[in-house]
Structure formats: C-alpha cells, structure tokens
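Comments concern the structure below.
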Amino acid sequence: MTTRPQSGGPPSAAQDVANPGLVRPPLVYLISLVLGAVIQLATPLPLLPATLAVSVGWPLVVVAIALFLYSAATFRAAGTPVPARKPTTVIVRTGPYRLSRNPIYLAFSLLQLGIAIWVNSVWLLTTLVGAVALMHCVVIPREERYLERKFGAQYTDYKASVRQWL
C-alpha cells in the first residue's frame, strides 16, 4: 500500500527532498567502513576467534544485500525514488516497509556488521556504532520532519504503526 502526499502550497526545492544536507546515508556508512578499515590496518584488533568470523560474517553480508535490493525494488515499484536527495512521492507500506521505516539503513548497518565480523575487526564494529548514532540522531529525524511536513497525518499514522529500525 502507498500513500500520496497531502495537498498544500509548493515547497521550495530544498524543502522537497528528505535529505538536503551534507550528511548523506551512503557516505556515512562508506566513511565509517573506510575509517574502520584504516584503523584495522594500522592496529589490528580481532573481534572473534578466526574460525567463527567467516562463517558468521558472510551470511550477514548476503542478508544485507538482499534486504537492500528488496527495499529498493519496493520503492521503485511504488514509483518513488530511492535516493533521499530526490522528492519522495509516496509513503511505502509494503514489503520490508511493513516492518521497518528504514530497511535500507538497516541493510547498510547489517552490511557493515557482516563485514566487521567477516574480516574480524573490532574497529569496523566501533565505527559502525558511530554511523548508527549519526543516522539515528541526525539523518532519520531530518527525514522524518520532511515526511511529516509533506504527508501530515498519513506519515504520522505510518510512523506510529511501524518501528524505525527492526
């Protein structure tokens, strides 16, 4: 099920996108991965016994990729763009969006968690904590304010019925 925006005056170009700022979700996770990898190379610190790391890590990476692809396909099927720098056209309530308001961000987090376990790096896990905190405290609130402005009660009803993360 999808919900169209409520009618109102035309928003400015900067107001009609979920994420107009410099803190873009893919960059948050990319910087987190690069920073964690650099620290790991400089000061290796294992997370788990080596025999366990690969067998736990790679399945998480596969799940993360599948969740991302499913989430993006659900957005495309609903006719709304995936990148937050483009205007949202509908509230998507199907697929993974029935269970989480942010399954793509959940997929990014699971991907980094899986990589951290797979390559056995405490540092990738540590930088993931920072990335999730930035997403939770800066990015998601900004996007939710945008969606509340654009969709009003339709979004607040969705927000009340579906968890932010899983």
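Given a 1.4 Å probe, how much area per residue of the chain is accessible, in Å²? Let's see the in-between values first.
Details: 8850 Å² over 166 residues.
I get 53 Å² per residue for the chain.
Can you give the accessible area of Tyr97 in Å² (nearest 10), computed on protein heavy atoms with a 1.4 Å probe?
That residue has around 10 Å² of solvent-accessible surface.
Efficiency by 1/(1 + (r/R0)^6): what FRET value for Leu35 and Ile65, r their Cβ-Cβ distance, R0 = 25 Å, to the nearest 0.05?
My answer for the efficiency is 0.70.
Write down the Å³ per residue value for the convex hull defined by the alpha carbon atoms of the stretch 74-166. Each step should come with its number before you reach the end.
Working: hull volume 9.4 nm³, N = 93.
Convex hull volume per residue, Cα atoms: 101 Å³.
Heavy-atom accessible area of Trp58 with all protein chains present, probe 1.4 Å, nearest 10 Å²?
For Trp58, the solvent-accessible surface is approximately 120 Å².
Report the Stokes-Einstein translational diffusion coefficient (µm² s⁻¹, integer) for the chain, Rh taken as the Kirkwood radius over Cα pairs, at 20 °C with viscosity 1.002 mPa s.
Working: Rh = 16.9 Å.
Roughly 127 µm²/s, to the nearest whole number.
Treating the angle as unsigned and between 0 and 90°, give the value, to the nearest 10°, between the Cα long axis of helix 122-134 and the longest Cα principal axis of the chain.
20 degrees
Pop out the carbon and sulfur fraction of the accessible area of the chain as a percent, whole number, probe 1.4 Å.
Numbers: 6290 of 8850 Å².
Within the chain, the accessible surface is 71 percent carbon and sulfur.
The values are calculated or read from the model by the stated rules, or taken from the named source; none is laboratory data. In this text the structure is predicted, and so the values were computed from the model without any measurement. Every residue, glycine among them, receives a Cβ derived from its backbone with ideal geometry; neighbour counts consider all protein chains shown. These accessible areas exclude ligands, DNA and RNA; they are computed on the full protein's heavy atoms, side chains included. Shrake-Rupley method; radii C 1.70, N 1.55, O 1.52, S 1.80 Å.
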